[in-house]
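The values are calculated or read from the model by the stated rules, or taken from the named source; none is laboratory data. The model shown is predicted, which means the values in this text are computed figures rather than measured ones. Because the Cβ atoms are built from the backbone with ideal geometry, glycine has one as well, and the counts that use them run over all protein chains shown. Areas reflect the complete protein model, heavy atoms only, side chains present, ligands, DNA and RNA absent. Shrake-Rupley method; radii C 1.70, N 1.55, O 1.52, S 1.80 Å.
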Amino acid sequence: MQHLYKQSTRCLTALVLLALFSHSAYATSQQMHGMKSVEVSSQSAPLQPIMIQGPMPIEAEYFAALLTKVTVEYSGNAVFYKGTLNGYPVVVAKTGKGLENTAAATAIGIERYRPRLIINQGTSGGHDPSLNVGDIVLGLRSINASNFKTPKLKLGQGSRPLQWLPMDLMASEESAGEGSSAKDAEKLRFYLGDKQLIALASSLSAQYKRGKVVTGTIGSGNFWNNELDRIAWLHKNMGTSVEEMETASAAQVAHAYQVPFLGIRVLSNNITNHGEYDPSTAKDCQAFVAEVVKTYISTLIE
């Protein structure tokens, strides 16, 4: 009898606790329904900027002045102008001259700003006698025109630069100069420009009044060639239309990061046909590139 009494007491206690808990939960639920609330939507992915590169002040600052809401950031030798063009984010990178400065600025710019595309632009010297000062070359391809392996010559035999062999440093991770891997490195490596950007820029060629707009090969290297035989050799063997010091290194880094890329270069001089140096061409090139970018932006908005 006592056992039954204890069991009944436990059951009654459990029922009371369950009722209290249910009442408390119901009251809490009612209280929650009476509170004010706000819903926060998921954030949209930020727009990826377009990056425009120019090595010297005369090759970058005109374009930077076209931007609105500009902020300036510095990293190493590079200066980055962040702003908008026609309401779309654009970063103008003043990279500094040469392959090394350009490669560093390109890597920093990609890591920091995550651009959707890169256009490297500026001045250049002509290799093609049919091109004149003021003409623009769209980089169908670009090449590091300073990667060479020389023939073995003994002391006193001189140097024979017209017999130098190309050396593809990216052919393998092994030596490009000696050993079993060296032979495979004796080739030219071209970086192709983005086909859609080339087509877009070509479609605007009639708007450019300083000269003609053509496609060609941009040769890059830390040199300034004044030897006509050397220029003719590069033009014949590499197909170079112009030479400068930046495009191929930017193209190589952009390729490594899988970022669409195009080089656009204006002839500021052409020693092959007596075209004198004209620094004002740098502004003309930037103005043309600005039209390319504006047109590209309009396709995104549509």
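Just to be sure I understand the filter: pairs with C-beta atoms under 6 Å, separated by 6 or more residues or on different chains, first member in the stretch 93-117 and under 14 Å from P55 (Cα atoms), second member open to solvent by 30 Å² or more (accessible area, probe 1.4 Å) and not in a loop (DSSP other than H, G, I, E, B). Which pairs pass?
As it stands, the answer is T95/N101, since those pairs meet every condition given.
Output the residues belonging to the stretch 34-68 that are over 18 Å from P89 (Cα atoms), in a loop (DSSP other than H, G, I, E, B) and of a type in the set (A, V, I, L, M, F, W, C).
M35, V38, V40, M56
Just to check your reading of the model, which residue among A282, A256 is among the aliphatic types (A, V, I, L, M) and free of Cβ contacts under 8 Å to residues at least 12 places away in the same chain?
Result of the check over A282, A256: A256.
Out of everything in the stretch 255-302 that is polar (S, T, N, Q) and open to solvent by less than 10 Å² (accessible area, probe 1.4 Å), what residue ends up being farthest from N132 (Cα to Cα)?
Q286
With S249, S202 as the choices, which residue is small (G, A, S), on the phi < 0 side of the Ramachandran plot and over 19 Å from the mean Cα position of the chain (by Cα)?
S202
Filter the stretch 105-125 for residues that are surrounded by fewer than 22 Cβ atoms within 10 Å (Cβ to Cβ) and in contact with a Ser or Thr (Cβ under 8 Å, 6 or more places away or on another chain); which is nearest to I136 (Cα to Cα)?
Of everything passing the filter in the stretch 105-125, I108 is nearest to I136 (Cα to Cα).
Being over 26 Å from A65 (Cβ atoms), polar (S, T, N, Q) and touching a residue at least 24 places away in the same chain (Cβ under 8 Å) narrows it down to one of S220, S268, so name that one.
From the options S220, S268, the qualifying one is S220.
Residues of the stretch 183-224 being farther than 18 Å from G263 by Cβ, open to solvent by less than 70 Å² (accessible area, probe 1.4 Å) and at pLDDT 95 or above, which ones?
none
How many residues, within the stretch 225-254, are open to solvent by less than 80 Å² (accessible area, probe 1.4 Å) and in a helix (DSSP H, G or I)?
Residues in the stretch 225-254 being open to solvent by less than 80 Å² (accessible area, probe 1.4 Å) and in a helix (DSSP H, G or I): 16 in total.
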